[in-house]
1. Can you tell me which residues in the stretch 250-264 are not in a helix (DSSP H, G or I) and not hydroxyl-bearing (Ser, Thr, Tyr)?
2. Mind checking which pairs have a first residue in the stretch 73-98 that is under 16 Å from Ala54 (Cα atoms) and a second that is in a helix (DSSP H, G or I) and open to solvent by 50 Å² or more (accessible area, probe 1.4 Å), Cβ under 7 Å, 6 or more apart or different chains?
3. Taking Ser168, is it surrounded by fewer than 17 Cβ atoms within 10 Å (Cβ to Cβ), without any contact (Cβ under 8 Å) to a residue 60 or more places away in the chain, among the hydroxyl-bearing types (Ser, Thr, Tyr) and more than 29 Å from Gly277 (Cα to Cα)?
4. For a quick check of your reading of the model, give me the residue pairs whose first member lies in the stretch 235-251 and is within 15 Å of Ser280 (Cα to Cα), whose second is part of a loop (DSSP other than H, G, I, E, B) and open to solvent by 100 Å² or more (accessible area, probe 1.4 Å), with beta-carbon atoms closer than 7 Å and at least 6 apart or on different chains.
5. Given Ile247, Ile268, Ile235, which one is in a loop (DSSP other than H, G, I, E, B), open to solvent by less than 40 Å² (accessible area, probe 1.4 Å) and either at pLDDT 90 or above or of a type in the set (A, V, I, L, M) (or both)?
6. Would you mind listing the helices (runs of 4 or more DSSP H) fully within the stretch 137-187 where at least 2 residues are of a type in the set (D, E, K, R) and on the phi < 0 side of the Ramachandran plot?
7. Determine if the stretch 215-230 includes at least one residue that is open to solvent by 50 Å² or more (accessible area, probe 1.4 Å), part of a helix (DSSP H, G or I) and either charged (D, E, K, R) or at positive phi (or both).
Amino acid sequence: MARSPTRRLRSSITAPLRRRFGRVATARPYELVVTETERPLAGKVAVVTGGSGALGRAICIRLATHGAHVHVLGRDAARLSDVIREIESLDGSAEAHQVDLLSDAAVTAFFAGVPNLDILVNNAGGSSREAHALLWEQSLDVIDEIVATNLRAAMMCTMRASATMVASGSPGSILLIGSTVGVGGKARFSDYAATKAALFGYTRSAALELGPMGVTINCLSPGVIPRGDLLESEITKERAKNVLGRIGTSEDVAELASFLVSDRAAFITGQNFIVDGGRSLGLFGDS
């Protein structure tokens with residue numbers, strides 16, 4: 001039997017794995033061998049929030065190389081442009097949008113301008129980072145910001161996207177990006193853990209409402225995924241944070257994300273999928 005024609009796609013923007021200034025890049029360039037029939041999202045329209053970050057970029061690229069037209073949402077125009085340029089270099093289709101997800105009016109206006117929508121990936125979010133604190137010492141302003149960014153914005157986007165999907169009468173797929181911190185907890189990050197755990201509760205309830213309408217909704221919870229270069233001294237420590245003994249990448253998460261929003265996962269809804277190399281099985285690497 002003759003094999004399907006193949007294409008080799010390589011990003012011209014992402015630098016290859018390299019050593020410089022004592023650091024090792026953890027993100028390899030995209031070099032994909034794709035058969036001409038491996039475009040399971042062909043003809044689909046997708047929206048990805050937080051699309052200019054490390055994980056969002058990987059998800060956008062994977063959806064685009066699988067055939068979807070991707071609306072990439074973010075706040076930084078320059079970073080958005082980089083993602084669009086990279087997608088186009090891989091023969092993908094995408095467009096950038098600066099949208100303030102904390103503004104109901106901005107979110108409503110954006111989704112009103114996307115009348116045909118098949119996929120929503122709620123990836124935007126963040127933690128308190130340097131502002132993390134013991135729960136009885138945490139600032140209410142920090143808590144409010146975490147709740148608004150991680151939970152309320154995702155709920156708002158899901159409301160608007162699901163309304164469009166239900167109105168169209170065609171099947172749709174929604175994915176929320178959680179965290180293993182929402183599953184296992186983390187000291188001094190109780191606010192972040194609460195919002196990520198809430199996303200899964202929201203997913204389960206929304207699945208009950210959206211299922212009869214032909215819309216699936218799931219949650220994907222990544223473990224430790226480095227966002228940039230690592231010091232050589234950090235590599236061993238990072239590898240010890242999971243049972244597989246390797247460093248997780250944004251692309252590991254993006255692969256499953258693409259599957260879950262495709263027709264191949266049409267009978268899966270209301271679930272939480274953990275991508276952490278087995279870290280949550282024993283909280284590997286915690287001191």
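1. Val261
2. Ala96/Ser81
3. yes
4. Note: pairs meeting the criteria are Arg239/Arg246.
5. Step by step, each of Ile247, Ile268, Ile235 is checked, and only Ile247 is in a loop (DSSP other than H, G, I, E, B), open to solvent by less than 40 Å² (accessible area, probe 1.4 Å) and either at pLDDT 90 or above or of a type in the set (A, V, I, L, M) (or both).
6. 140-146
7. Within the stretch 215-230 (the criterion being open to solvent by 50 Å² or more (accessible area, probe 1.4 Å), part of a helix (DSSP H, G or I) and either charged (D, E, K, R) or at positive phi (or both)), the answer is no, since none of the residues qualifies.
The rows are residues; the columns are (1) surrounded by fewer than 23 Cβ atoms within 10 Å (Cβ to Cβ); (2) in contact with a Cys (Cβ under 9 Å, 6 or more places away or on another chain); (3) without any contact (Cβ under 8 Å) to a residue 12 or more places away in the chain; (4) more than 17 Å from Gly270 (Cβ to Cβ).
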| site | (1), (2), (3), (4) |
| --- | --- |
| Ala148 | yes, no, no, yes |
| Met156 | yes, no, no, yes |
| Leu175 | no, yes, no, no |
| Gly178 | no, yes, no, no |
| Gly185 | yes, no, yes, yes |
| Arg188 | yes, no, no, yes |
| Leu199 | no, yes, no, no |
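The values are calculated or read from the model by the stated rules, or taken from the named source; none is laboratory data. The structure displayed is predicted, hence computed values, not measured ones. FYI the Cβ positions are ideal-geometry reconstructions off the backbone, even for glycines, and counts take in every protein chain you see. Ligands, DNA and RNA are stripped out before the accessible areas are found, and what is left, the full protein with its side chains, is counted by its heavy atoms. Shrake-Rupley method; radii C 1.70, N 1.55, O 1.52, S 1.80 Å.
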